[in-house]
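Values quoted throughout were computed directly from the atomic coordinates according to the rules given, and no laboratory measurement underlies them. What you see is a predicted model; the values in this text were computed from it and never measured. Cβ placement follows ideal geometry from the backbone for every residue including glycine, while neighbour counts extend to all protein chains displayed.
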Amino acid sequence: METVPYVDLDRFMGDWYVIANIPTFIEKGAHNAIENYALNDDGTIATTFTFRDGSFDGESKKYTPKGFVQNTETNALWGMRFIWPIKADYRIVYLDENYTQTVIGRQKRDYVWIMARTPSIPAADYQRLIDFVASIGYDTSTIEKVPQDWDGDSG
């Protein structure tokens, strides 16, 4: 699975809202999911994944895996370590030129994350990203939208 040609790590850092994914077991039922990246002095990526479990009022969950850039020519192939010593495959396979929308994939095509700098994206953008994910070999019927509501009007 090809990655994007190059990622400016400084521009990639910060908050990314999870718009849709094929959820891992810890992400099932996640609401208001955000992945935050910060570049460490040693070149690793401090990652903070937060969400509400099961509903917008659900228990707040936080995970802090560490990212390792494995291809420093592109900066688009990472290993993501939740549990030492395993580094999970993490590939930046789509990134728009403004660094506002991205797709993270895995060679096994078992998980995928569509993320954006905003909690929602236009329907046309969403469909374009779903079509892209299908074009790289994913079964898009397993993709779930992640509920995002930051206005507090969900109840």
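When S55, S135 are sorted by how many other C-beta atoms sit within 10 angstrom of their C-beta, beginning with the fewest, the order is S135, S55.
What's the exposure ranking of I136, I104, I114, going from fewest to most Cβ atoms within 10 Å?
Starting with the residue having the fewest Cβ neighbours, the order is I136, I104, I114.
For the range 9-137, what does the alpha-carbon gyration tensor say about shape, rounded, prolate or oblate, given a ≥ b ≥ c as the root eigenvalues, a/c under 1.5 as rounded, and a/b over b/c as prolate? It is rounded, given that a/c, with a ≥ b ≥ c, falls under 1.5.
Charge tally for S135 (other residues, Cβ to Cβ under 13 Å; Lys, Arg +1; Asp, Glu -1): -1. The loop-placed trypsin sites (Lys or Arg not before Pro) in the range 1-57, going by DSSP, that have at most 16 neighbouring Cβ atoms within 10 Å of their Cβ come out as K28. Within straight-line reach of K66, meaning a Cα separation under 19 Å, sit the following lysines at least 8 residues removed in sequence or on another chain: K87.
Just checking the listed ones, P23, P122, P65: in the Gaussian network model of the chain with Cα springs under 10 Å, the one fluctuating most is P122.
Each part reduced to its alpha carbon centroid, the range 87-155 and the range 1-52 end up 11 Å apart.
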